[in-house]
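Below you'll find the structure, written out as structure tokens, and then a few comments.
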Amino acid sequence: MAHSRWGRKPMVIRAFPESSGRRFEFKLGRSVYWRSFEGFVLPMPGGPGQTAERTVCGAPNACRVGALVAVAVWGAAAVRAQTAPAGPVLTPADYVDESALAELLWQRSPEVLEARTAAGTAASEVTRAGLYPNPQLDFTWGTIPVGRTNPPHLDDALDHVPNYTGGLSELIEIAKRGPRQAATVAELQRARAQALSALAQRFFELLGAVGHIAKAQLRVAVTTELVQASAELLELDRVRAAKGDLAAIDLDRAEVEHLHLVASRDAAATDLEEARAACGTMVGRPCTAFESTKATRGFIEPAIAAALPATWSDDAERRRPDIAALDATLEAATQRRVLGERRAIPDVTARVGYTYDSFVASGNQRNSLAVGVQVPLPVLDQGQADVAAATATLVRAQQTRQSLVEAGRLSLESAAHRRELLNQRLEHLELALGKARGVRDAMVAAQRRGGASMIDVLLARRAYEELLLDRVDLLGDAYETTLKIRQSAALFPHPRERAEGGGP
């Protein structure tokens, strides 16, 4: 630490972490000028459990002023940090409320909101298809005299020669409104099913992230116990090596193995934070960890024990929103093809007109009506392009639907078979855990009586915790397989407005 240019010792601010907050000391050399500021929880550069130092100034008077200013600023910041209302978070109680999770994703997920916007656009097209074409109003000022009139020498020619005609026209579609309306309704159903499919995708991704949180948290708990047992065993090995009862190479192996366990624990902690971050990204709010290992297992074990279908069925096919979207696509393409074929039928434009003629000097009728029709001749464009496009969509949708059904059947059945195998492995592992627990307890009892060494106790404890780690991995695999079955069978809660038959 450098001295100031005035030759006086610089002032040092130290922050010491405590259980109740931070304790700040402002020192000039060895004299304490200010101390004991409790309750201000501020992040320190050294991290948790560290002491941070920073030189503020070299002159005592300036240091005192700087200390007062620093205390005021830091105190205000700490008060603001403690009194600021915390934002909404996702808690373990929310993880088990799947209806609330689905509703949250329905309202907040960008992908779901985009799909719902497309459904709203499709609903507007249904409204448009139900409307009739707007009538057309036309007006003509005709027979405007230019040059000499006939008969000549008419007084005020612009008043006695021109005629004024107004007309009202309406397009009358023939055999087209029905298929167009049916096509837009089917396209609306497709958009709504696609929004529900997007929700299902994000919903199971969210549950997968929550399952990852639970698995990582269990791994952190077990690896922490393993590290503790390994540390105790390593300490005994060091004592034995110091006495010459253990070779140095064996001690090195034990230290390497201990460091490997420490790295595994840190990796599990990293996975936990990554899973929480992934969960928070999906819902736009922080996702908290479970309160305890018991609560974590209370989330995973009921989920993997739930009764789920093991084979494909018509009900599963009807529940799948992506298949429902393809069914709606087939219906819309069929109606679009019918609409294209009916473009060969010409539409009629009917017109009613009124004429006021001021050229009565020539014998014209002053007031008259006109009725007419206009019919296009479909000799070039008969809807061939529309028919071809609808047919291509129809064929592609049929093939895609068939592929989805086959993929769903295989996915469901393979996941159900894998779940059965995982459950069998869990049963066998539970038996092994029971025996390992008995060996551990027996070793502890024997050690208390002097019949076993502490090394034997720690080895038995470590073997039991390694089996616990294997069970964590199996629980995580079983949970992921359960989600796969549910996703293949479309077993997820629908949002409230969709369940009630509301809009997109």
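The values are calculated or read from the model by the stated rules, or taken from the named source; none is laboratory data. A quick note: this is a predicted structure, and the numbers were derived from the prediction, not measured. No Cβ is skipped: glycine too gets one built from the backbone with ideal geometry, and neighbour counts run over all protein chains shown. The area values use the complete protein model at the heavy-atom level, side chains included, leaving out ligands, DNA and RNA. Shrake-Rupley method; radii C 1.70, N 1.55, O 1.52, S 1.80 Å.
Data table
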{"read-out": "HN-Hα J in Hz across segment 157-170 - Karplus 6.51, -1.76, 1.60, θ = phi - 60°, x for Gly and Pro", "value": "4, 5, 9, 10, 10, x, 10, 10, 10, x, x, 10, 10, 9"}
{"read-out": "Computed FRET value (nearest 0.05) for Leu410 with Ala231, which takes r as the C-beta separation and R₀ as 56 Å", "value": "0.70"}
{"read-out": "For a label point 7 Å along the Cα-to-beta-carbon line of Ala385, residues of segment 169-199 with backbone N under 13 Å", "value": "none"}
{"read-out": "Per residue value of the accessible surface for segment 378-437 (all protein chains in place, 1.4 Å probe), Å²", "value": "64"}
{"read-out": "Efficiency of FRET between Ile172 and Asp315 - r from beta-carbon atoms, R0 51 angstrom, step 0.05", "value": "0.65"}
{"read-out": "Segment 143-189, dipole about Cα centre (Lys/Arg Cβ +1, Asp/Glu Cβ -1), debye to the nearest 20", "value": "340"}
{"read-out": "For segment 221-231, 3J(HN,Hα) per residue [Karplus equation, 6.51 cos²θ - 1.76 cosθ + 1.60, θ = phi - 60°, Hz, x = Gly/Pro]", "value": "5, 5, 5, 5, 5, 5, 5, 5, 5, 5, 5"}
{"read-out": "Whole-angstrom gap from segment 181-218 to segment 113-171, using each part's C-alpha centre", "value": "49"}
{"read-out": "Quotient of C-alpha Rg and 2.2 N^0.38 Å, computed over segment 369-504", "value": "2.30"}
{"read-out": "Nonlocal amide H pairs with Asn163, under 5 Å, H built at 1.01 Å", "value": "Gly142, Thr143, Ser358"}
{"read-out": "Whether segment 242-366 is rounded, prolate or oblate, judged on the alpha carbon gyration tensor where a/c under 1.5 counts as rounded", "value": "prolate"}
{"read-out": "R0 of 35 Å, Cβ-Cβ distance Val126-Leu369: FRET efficiency to nearest 0.05", "value": "0.40"}
{"read-out": "Full-stretch length increase - His260, Leu377 - with 0.36 nm per residue and alpha-carbon distance subtracted", "value": "33.8 nm"}
{"read-out": "Estimated vicinal HN-Hα couplings, Hz - segment 415-425 in sequence order (Karplus 6.51, -1.76, 1.60; Gly, Pro = x)", "value": "5, 5, 5, 5, 5, 4, 5, 5, 5, 5, 5"}
{"read-out": "Cβ-placed point charges (K, R +1; D, E -1), dipole of segment 237-367 about Cα centre in debye, nearest 20", "value": "840"}
{"read-out": "Segment 332-362 and segment 255-313: distance between their alpha carbon centers, rounded to Å", "value": "67"}
{"read-out": "Net charge, Val220 excluded, C-beta distance under 13 Å - Lys, Arg +1, Asp, Glu -1", "value": "-2"}
{"read-out": "For segment 365-476, with +1 on Lys and Arg beta carbons and -1 on Asp and Glu, the positive-most of His417, Gly476, Ala432 along the dipole", "value": "Ala432"}
{"read-out": "Quotient of Cα Rg and 2.2 N^0.38 Å for segment 140-182, N being how many residues it contains", "value": "2.33"}
{"read-out": "Three-way shape call for segment 128-225 based on the alpha-carbon gyration tensor, with the a/c threshold at 1.5", "value": "prolate"}
{"read-out": "Accessible area per residue in Å² at 1.4 Å probe, computed on segment 251-374", "value": "55"}
{"read-out": "Three principal axis lengths of segment 207-312 [C-alpha, angstrom, descending]", "value": "64, 34, 25"}
{"read-out": "Stretchable slack from Ala446 to Asp245, in nm (0.36 nm times residue separation minus alpha-carbon distance)", "value": "70.1 nm"}
{"read-out": "Cα-based Rg / Dmax (Å) for segment 295-368", "value": "33.6, 103"}
{"read-out": "Sequence-distant residues sharing a close amide H with Ala452 (under 5 Å, placed H)", "value": "Gln447"}
